[in-house]
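Taking it in order: structure first as structure tokens, then the write-up.
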Amino acid sequence: MAPVASTPPDLIAHLSIHNLGLSPSASKHRILVSTTPLRAGDIILNDTALCTSSTSLHACHACLKPSSRLALCSRCSISRYCCRPCQRRDWKLGHNILCTLLASASLDRHDYGEADLLIKTLVNAALPSPGLESAAFNSLMDHPAAFDAPTQSQISHTAATVLAHPAMTAILASHPSPLDLACTYIRRFKSNNYVIHDPDLNVTGEGCFALAALLNHSCCPNVSVAFQDGRTMVLRAMSDVMQGDELLVAYQDSMTCRSRRREYLHSKYHFECTCPRCQTPPSIIPSVHGGYPYIDALLTDSEDPIDIQVASRLLREATDQPKYSRLFTTSKNHPSLLQYIANIVAVLVPCIDEPQSKYLIRHHNVITTSLNKPNRLHTLPYFVSLSRLLTNQLDSQHPVWLHVAYLALYAACTYLLAYERYHPMVGLKFVLAAKALFNAADAATTHSELRNMVLDAKECIKVGKVCLQVSHGRHGDNGRVLSDADHVENAILTELCEFPHPP
């Protein structure tokens, strides 16, 4: 494999240590490949952020960890910190400069994020040993011709404002064109930054992860992204990877219609996606492609939600049954929402941890079968509205747990259709369904109904844990999610042991 000519030797060596390599590509400039086979769940790389900026009112500006006790910076009244050490560290990384610009009104608050990242990157570059991340950052593309005139003007204004600070002037005193360099950096941020989220996938900020930015996009990715301690990105294989395969992440949520997805990728990242979902191959092999080339036909090309009353009626039909019927057993007598769940569960859950080729054949079958059914529950308009109902329930002070369970299961099953089976959202939704079913069992009116709810909760937590083992693992911040699932499973098993005839 021939390395890309412009790649720094230190970067090539670092990637090689992690069984990774860069190869030139006519259509993509370069691709990052695995030089060894990978199993789903394997950690590919840990990448420390070159710089980060919080975008959440509920996360520390320095460590990006969510906290209910954040103290505002008394000078700029924008940045929030969970503790004094975090505030002092951020001050040294460049907040002292940003704070001065904000306090003096030199910097517009709308430009806060980009200015924050620019200052931190320039401060880091001025260090005696700026690190491998800086070398990787300097190898990233910035697409200067892709930005329109208003955006270029905004970039130049932000860069000039930052460079007007004496500390920035001193750092770039020997550079022949400081403004051009600063504008290049901002364009790189716009074209390569990642959204940062917590283990529950709540967005906390954005950051420049220069090594991770070497991965190209696919709407059918084989790599998942998680974050450790707010500033370290953990890249995991989301499916089995063969030696020489390109490693791919999703730059945006692929639970989006094709036209909007392609428009976003073109406007922000300046390329046309040609993944299996965006360009149907001439011949589809079920064991290789699964049903993913058909996903967008299934979701449809509209995201306009259906009437919320229609979605509420579907949920009401599901919950107004005389008794709870198990969804993890074969039945053809469910209301439409529950039948949709039962059909997907029956096909995909039994092979959730089977070899990839076997799962993809099942996935292909369920997708192609769904395309020929009049049921529209798999379309984005239904998904958007039913997801809104789930959010409303979770935000309520008194959620109806059976409603939460059915809506979480609906979301989990729809994600199983659209996402890779070990996508983080799949596991999280199955665990949520397990918790909700277990809570709903408190309102059961008969011993049989109670037992059926707890048995389905057991199946949900089992599937959720299989998925989370791959997407989150058991270590660090992300391991908390699996530990939480363990506690739920133990409570479920304890409850089942109390039945006269345990399964």
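The values are calculated or read from the model by the stated rules, or taken from the named source; none is laboratory data. What you see is a predicted model; the values in this text were computed from it and never measured. Cβ placement follows ideal geometry from the backbone for every residue including glycine, while neighbour counts extend to all protein chains displayed.
Among the residues of region 285-321, those identified as touching a residue at least 12 places away in the same chain (Cβ under 8 Å) and either hydroxyl-bearing (Ser, Thr, Tyr) or over 19 Å from HIS378 (Cβ atoms) (or both) are SER287, VAL288, TYR292, TYR294, THR300, SER302, SER312, THR319, GLN321. Sub-6 Å Cβ pairs linking a first residue in region 435-462 that is acidic (Asp, Glu) to a second residue that is in a helix (DSSP H, G or I), at least 6 apart or interchain, are ASP456/LEU437, ordered by first then second residue. Being more than 21 Å from the chain's Cα centre (by Cα), assigned by TED's automatic domain parsing to the domain that holds ILE308, more than 23 Å from PRO199 (Cβ to Cβ) and at pLDDT 95 or above holds for only one residue in LEU417, LEU389, and it is LEU389. Taking the conditions exactly as written (of a type in the set (A, V, I, L, M) and either buried (at least 20 other Cβ atoms within 10 Å of the Cβ) or in a loop (DSSP other than H, G, I, E, B) (or both)), does ALA346 satisfy them or not? Taking the combined requirement at face value, the residue does not satisfy it.
Being surrounded by fewer than 16 Cβ atoms within 10 Å (Cβ to Cβ), out of contact with any Cys (no Cβ under 8 Å at 6 or more places or on another chain) and either farther than 22 Å from LEU11 by Cα or modelled with pLDDT of 95 or more (or both), is that true of even one residue in region 224-235? So far as region 224-235 goes, no, none of its residues is surrounded by fewer than 16 Cβ atoms within 10 Å (Cβ to Cβ), out of contact with any Cys (no Cβ under 8 Å at 6 or more places or on another chain) and either farther than 22 Å from LEU11 by Cα or modelled with pLDDT of 95 or more (or both). Any residue at all in region 352-373 that's within 18 Å of GLU317 (Cβ to Cβ), β-branched (Val, Ile, Thr) and assigned by TED's automatic domain parsing to the domain that holds LEU450? There is no residue in region 352-373 that is within 18 Å of GLU317 (Cβ to Cβ), β-branched (Val, Ile, Thr) and assigned by TED's automatic domain parsing to the domain that holds LEU450. Scoring MET425 on the criteria (1) touching a Gly at 6+ places or on another chain (Cβ under 9 Å); (2) closer than 30 Å to CYS275 by Cα leaves a single failure, condition (1).
All conditions but one from (1) at pLDDT 95 or above; (2) more than 29 Å from the chain's Cα centre (by Cα); (3) among the acidic types (Asp, Glu) apply to GLU449; the one that does not is (1). Restricted to region 175-190, and to residues there that are surrounded by 18 or more Cβ atoms within 10 Å (Cβ to Cβ) and touching a Leu at 6+ places or on another chain (Cβ under 9 Å), the residue that is nearest to ASP253 (Cα to Cα) is PHE189.
Taking region 117-128, which residues are closer than 16 Å to CYS183 by Cβ and buried (at least 20 other Cβ atoms within 10 Å of the Cβ)?
We begin by selecting, within region 117-128, every residue closer than 16 Å to CYS183 by Cβ; these are 117-119, 121-122, 125.
Scanning region 117-128 gives LEU117, LEU118, ILE119, THR121, LEU122.
In the list LEU107, LEU117, LEU98, which residue meets the criterion of being closer than 16 Å to SER54 by Cα and more than 27 Å from the chain's Cα centre (by Cα)?
The unique qualifying residue is LEU98.
Report yes if ALA226 is touching a strand residue (DSSP E or B) at 6+ places or on another chain (Cβ under 8 Å) and either in a loop (DSSP other than H, G, I, E, B) or farther than 18 Å from PHE137 by Cβ (or both), otherwise no. Considered against the rule, which asks whether it is touching a strand residue (DSSP E or B) at 6+ places or on another chain (Cβ under 8 Å) and either in a loop (DSSP other than H, G, I, E, B) or farther than 18 Å from PHE137 by Cβ (or both), ALA226 comes out as yes.
For region 38-80, which positions are closer than 25 Å to LEU482 by Cβ and charged (D, E, K, R)? Within region 38-80, ARG39, ASP42, ASP47, LYS65 meet the criteria. Among the residues of region 58-79, the one identified as buried (at least 17 other Cβ atoms within 10 Å of the Cβ) and of a type in the set (S, T, N, Q) is SER79. The residue list GLN309, GLN321, GLN252 contains one member that is touching a strand residue (DSSP E or B) at 6+ places or on another chain (Cβ under 9 Å), at pLDDT below 95 and closer than 25 Å to LEU389 by Cβ, which is GLN252.
In region 1-114, counting only helices (runs of 4 or more DSSP H) that sit wholly within it, the ones holding 1 or more residues that are of a type in the set (Lys, Arg) and modelled with pLDDT of 90 or more span 84-90. Inspection of region 448-456 identifies at least one residue that is in contact with a Lys or Arg (Cβ under 9 Å, 6 or more places away or on another chain), of a type in the set (Asp, Glu) and farther than 23 Å from ARG39 by Cβ. Scanning region 37-69 for residues that are touching a residue at least 40 places away in the same chain (Cβ under 8 Å) and out of contact with any strand residue (DSSP E or B) (no Cβ under 7 Å at 6 or more places or on another chain) yields one hit, CYS63. Taken together, the residues in region 272-323 that are of a type in the set (Ser, Thr, Tyr), out of contact with any Pro (no Cβ under 8 Å at 6 or more places or on another chain) and surrounded by fewer than 16 Cβ atoms within 10 Å (Cβ to Cβ) amount to 4.
Just one of the listed residues (ILE31, ILE12, ILE17) is more than 23 Å from PHE227 (Cβ to Cβ) and either in the same structural domain as LYS465 (by TED's automatic domain parsing) or surrounded by fewer than 17 Cβ atoms within 10 Å (Cβ to Cβ) (or both), and it is ILE12.
Applying the criterion of being of a type in the set (D, E, K, R) and surrounded by fewer than 18 Cβ atoms within 10 Å (Cβ to Cβ) to the residues of region 80-95, the residue that is nearest to GLY205 (Cα to Cα) is ARG89.
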